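First up is the structure itself, then whatever we jot down about it.
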Amino acid sequence: MSKFEIPFLTACIGAFSRRFSMTRQAAFRYLQKHKGLAFLIEFYDVEHLQSMDETIDDLLIICKKNGGSLA
């Protein structure tokens, strides 16, 4: 993991928590459980170039495919 990925993951977790009015801890657990964090790490090279809104939209799709229920 590069030194740039950790701040990106932190920003994504924060943006996700704000969009869905949840704590950062709850957002982290949700993204971890439904493979959103693994997706961000694997596709960092593409995702960090998109807007945060597009990244959160991608996370919703991935998490839904892995049993998540937020909309």
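Some notes on this structure:
- Here the stretch 25-40 is the region considered, the condition is being more than 12 Å from CYS63 (Cβ to Cβ) and not small (Gly, Ala, Ser), and the residue that is surrounded by the fewest Cβ atoms within 10 Å (Cβ to Cβ) is GLN25.
- Any chance CYS63 is of a type outside the set (Phe, Trp, Tyr), in a helix (DSSP H, G or I), out of contact with any Phe, Trp or Tyr (no Cβ under 9 Å at 6 or more places or on another chain) and buried (at least 16 other Cβ atoms within 10 Å of the Cβ): no
- Filter result for LEU37 (outside any loop (DSSP other than H, G, I, E, B) and either in contact with a helix residue (DSSP H, G or I) (Cβ under 9 Å, 6 or more places away or on another chain) or not aliphatic (A, V, I, L, M) (or both)): yes
- All conditions in (1) at pLDDT 95 or above; (2) exposed (fewer than 13 other Cβ atoms within 10 Å of the Cβ) hold for MET22, with the sole exception of (2).
- Conditions (1) farther than 19 Å from MET1 by Cβ; (2) among the aliphatic types (A, V, I, L, M); (3) under 8 Å from the mean Cα position of the chain (by Cα): number failed by LEU59: (1)
The values are calculated or read from the model by the stated rules, or taken from the named source; none is laboratory data. Because the structure is a prediction, the values reported are computed rather than measured. When we count neighbours, we look across all protein chains shown, and the Cβ atoms used for this are built from the backbone with ideal geometry, even at glycine.
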